[in-house]
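Undergrad: What follows is a single structure, and I will ask about it in a moment.
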Amino acid sequence: MKDFAITNIKNLVGVWEQSPTKPLRGNDLANLPLLPDAWIAIQDGIISDYGQGVLPHKYNELPHLDAQGGHVLPCYVDSHTHIVYAACREQEFVARIKGQTYEEIAANGGGILNSANRVAAATEDELFKSAFERLILCANQGTGAIEIKSGYGLNTDSELKMLRVIKRLKDVSPIPIKATFLGAHAFPLEYKQNQQAYIDIIINEMLPQIAANNLADYIDVFCDRGFFNVEQTRQLLQAGKQYGLKGKIHGNELGLTGGVQAAVAENAISVDHLEHTSNEEINLLANSETIGTMLPSTAFFLGIPYPNARGLIKGGAAVCLASDFNPGSSPSGRMSFVISLACIKMKMTPAEAINAATVNAAFALEMQNELGTITRGKLGKLIITKPISSLDFLPYNFGGDIIEKIL
Ligand code: NIG
Ligand code: FE
């Protein structure tokens, strides 16, 4: 549906006459402007107008949707996922229940390497079909734009195969997609003793082909203990820049391992995870343009510490929230649960969490001009909720479903 009006809205959420030009930081993150008793008009898929009270006559010919007192908010932006994969990893989930750690499983050839073996054995069509199902699941749960990473290939053929799948998804997806090349997700077993050889393959073989076929928007590196170190990460991000790919980093998941330092030094768009931060990391981020992406469902699923959201916000870092949907550390793309965890476990207020999952997340995908707020000219990708007493009910109702309709 490209032309319609929604009437009888209890609160239009995240309404900005002028969209913020920078991610919201500090106290501003709590600024979630509401327009009560509202209507909104969408024309040609774009928010053309909104206001209070009765829908103006000039929009009478548009098909009407009665929100019946529900709230209307901009769709979530999920800026960090790995939804192209060939098999789930519930055996590792059980191994962790029985006492093994995520790092031990990875060090023994499980984890990312397990997924890489499964991707290598899968056809492009198989990968496409299952990823498309996950994409639709996310869209039906309120995600209005999504980032998808490669990174379960770990050789040139398989990485390119994954990125071609993401490109095919872009062609048929109901929501915009950004593709991220994550060849540096882990060292394949055969390169564990000769890490530079694998980095050379990424730089000299993978990147040129990816750029020639326009297969990625960003480059990402897992900069952490047992994975890529700071120097290797910076080398890879610099190589990506040569091909016009801006950087994203998986960092500070397993310790204070320099991910933030690498991200800020390379002016990365975002550094994601941040389960471990000290004052040094917070100050560095606060004085940079790099966005700190927090992935609370990963901390929940792995039983690791949650990011220090209060410290990051108070310190002035720009933060956003994403799902990290992947088979090993977060097998869910439900952004409403991410928001609930952010409130329950990280003491973010509902307004802060919703802003972090919408407007700030849009910046993390450089889609702030299209998504993240209710602003004239942006895409009409909206969530209509069931009639709820207040917006605070959204995170309060954890695991529940308050979505009436997705547009
Ligand atoms: O973001 N931490 C690194 N990468 C993914 C998990 C990958 C996996 O376990 O399959 C993450 O959590
Ligand atoms: Fe991830």
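Undergrad: List every residue whose amide H lies under 5 Å from the amide H of Asp37, counting only residues 5 or more places away in sequence or on a different chain, with H placed 1.01 Å from N in the peptide plane.
TA: Those qualifying (amide H under 5 Å, at least 5 residues apart or on another chain) are Asn11, Leu12.
Undergrad: From the phi of every residue in the stretch 193-203, what ³J(HN,Hα) in whole Hz does the Karplus formula 6.51 cos²θ - 1.76 cosθ + 1.60 yield, where θ is phi - 60° and glycine or proline is x?
TA: Here the 3J(HN,Hα) series is 8, 9, 5, 4, 5, 5, 4, 4, 5, 4, 6 Hz.
Undergrad: Please check which bits of the stretch 136-170 a label hung off Gln209 would reach, taking the label as a point 7 Å along Cα-to-C-beta and the cut-off as backbone N under 13 Å.
TA: Under 13 Å, as judged by backbone N against the label point of Gln209, lie 153-165 of the stretch 136-170.
Undergrad: Next up: Express the carbon and sulfur contribution to the solvent-accessible surface of the stretch 151-196 as a percent, rounded to the nearest whole number, probe 1.4 angstrom.
TA: 47
Undergrad: In nm, what is the difference between 0.36 nm times the number of residues separating Gln91 and Gln195 and their Cα-Cα distance?
TA: Details: separation 104, 0.36 × 104 = 37.44 nm, distance 2.84 nm.
So the chain would gain 34.6 nm between Gln91 and Gln195.
Undergrad: Continuing with the same structure: Show me 105-117, 284-296 ranked by packing, highest mean number of other Cβ atoms within 10 Å first.
TA: Result, highest mean Cβ count within 10 Å first: 284-296, 105-117.
Undergrad: Using each residue's phi in the stretch 273-284, evaluate 6.51 cos²θ - 1.76 cosθ + 1.60 at θ = phi - 60° and report the 3J(HN,Hα) Karplus result to the nearest Hz, with x for Gly and Pro.
TA: Taking θ as phi minus 60°, the curve returns 3, 6, 5, 10, 9, 10, 4, 4, 5, 4, 5, 4 Hz for the stretch 273-284.
Undergrad: Over the chain, what relative contact order in percent results from Cα pairs under 8 Å that are six or more residues apart?
TA: 21
Undergrad: Let me ask another. Can you give the FRET efficiency to the nearest 0.05 for Leu137 and Glu231, using r as the Cβ-Cβ distance and R₀ = 25 Å?
TA: Values: r = 39 Å, r/R0 = 1.54.
For Leu137 and Glu231, the calculated efficiency is 0.05.
Undergrad: Another question about this same structure. Indicate, rounded to the nearest 5 percent, the antiparallel portion of the DSSP beta bridges found entirely in the chain.
TA: On the way: 22 of 56 bridges.
Antiparallel: roughly 40 percent of the beta bridges in the chain.
Undergrad: About the Cα centre, and with charges only on the beta carbon of Lys, Arg (+1) and Asp, Glu (-1), how big is the dipole of the stretch 135-216? Nearest 20 debye, please.
TA: For the stretch 135-216, the charge dipole is close to 280 debye.
Undergrad: While we're looking at this one, here's another question. So what is the calculated 222 nm ellipticity per residue for the chain, using -39500 (n - 2.57) for each DSSP H run with n of 4 or more, over all residues, to the nearest 500 deg cm²/dmol?
TA: The helix-only estimate for the chain comes to -10000 deg cm²/dmol at 222 nm.
Undergrad: Still on this structure, I have one more. Sticking to Cα atoms, compute the Rg of the stretch 170-303 to one decimal and its Dmax as the biggest Cα-Cα distance, whole number, in Å.
TA: 15.0, 44
Undergrad: Angle check, please: helix 230-242 long axis (alpha carbons) against the longest principal axis of the chain (alpha carbons), in degrees 0 to 90, nearest 10.
TA: That works out to roughly 60 degrees.
Undergrad: Moving on. Once amide H atoms are placed 1.01 Å from N in the peptide plane, what residues at a sequence separation of 5 or more from Ser270, or on another chain, have their amide H within under 5 Å of its amide H?
TA: Counting only residues 5 or more places away or on other chains, the set is Ile249, Ile291.
Undergrad: Can you compute 3J(HN,Hα) from phi for each residue in the stretch 175-189, using the Karplus curve 6.51 cos²θ - 1.76 cosθ + 1.60 with θ = phi - 60°, rounded to whole Hz and x for Gly and Pro?
TA: 10, x, 10, 10, 9, 10, 8, 10, x, 8, 8, 6, 7, x, 3
Undergrad: Just the Kirkwood number for the chain, please: inverse of mean 1/r across all distinct Cα pairs, in Å, one decimal.
TA: Kirkwood hydrodynamic radius for the chain: 21.4 Å.
Undergrad: Given charges of +1 on the Cβ of Lys and Arg and -1 on the Cβ of Asp and Glu, with all other atoms neutral, how large is the dipole of the chain about its Cα centre, in debye to the nearest 20?
TA: 340
Undergrad: Skipping prolines and chain starts, which residues have an amide H placed within reach, meaning under 5 Å, of the one on Leu154, given they are 5 or more residues away or on another chain?
TA: Glu159
Undergrad: Round to a whole angstrom and tell me the spacing of the C-alpha centers of the stretch 296-363 and the stretch 55-71.
TA: 33
Undergrad: Then there is this: Just going by the charge dipole of the chain, with Lys and Arg at +1 and Asp and Glu at -1 on Cβ, which of Leu379, Gly51, Leu321 is farthest out on the positive end?
TA: Gly51
Undergrad: Whole number in Å², please: accessible area per residue of the stretch 77-364, 1.4 Å probe, ligands, DNA and RNA not counted.
TA: Heavy-atom accessible area per residue stands at 35 Å².
Undergrad: Would you work out which of Thr123, Gly142, Gly110 lies farthest towards the positive end of the dipole of the stretch 107-227? Charges go on Cβ: Lys and Arg +1, Asp and Glu -1.
TA: So the residue furthest toward the plus end is Gly142.
Undergrad: Specify the inter-centroid distance of the stretch 117-134 and the stretch 207-284, based on alpha-carbon positions, in whole Å.
TA: Result: 26 Å between the Cα centres.
Undergrad: Mind checking the angle between helix 335-346 and the chain's longest principal axis? C-alpha axes, 0 to 90 degrees, to the nearest 10.
TA: The angle comes out near 80 degrees.
Undergrad: Quick check: from the Cα gyration tensor, does the stretch 11-89 come out rounded (a/c under 1.5), prolate or oblate?
TA: Oblate shape, in that a/c is at least 1.5 and b/c is the bigger or equal ratio.
Undergrad: Using a 1.4 angstrom probe on heavy atoms only, work out the carbon and sulfur share of the accessible area of the stretch 1-130 in %.
TA: Roughly 51 percent, rounded to a whole number.
The values are calculated or read from the model by the stated rules, or taken from the named source; none is laboratory data. Computed from a prediction, not measured in an experiment: that's the story for all the values here. Please note: Cβ atoms are built from the backbone with ideal geometry, for glycine as well, and neighbour counts cover all protein chains shown. Remember, those area values only see protein heavy atoms, side chains included, never the ligands or the DNA or RNA. Shrake-Rupley method; radii C 1.70, N 1.55, O 1.52, S 1.80 Å.
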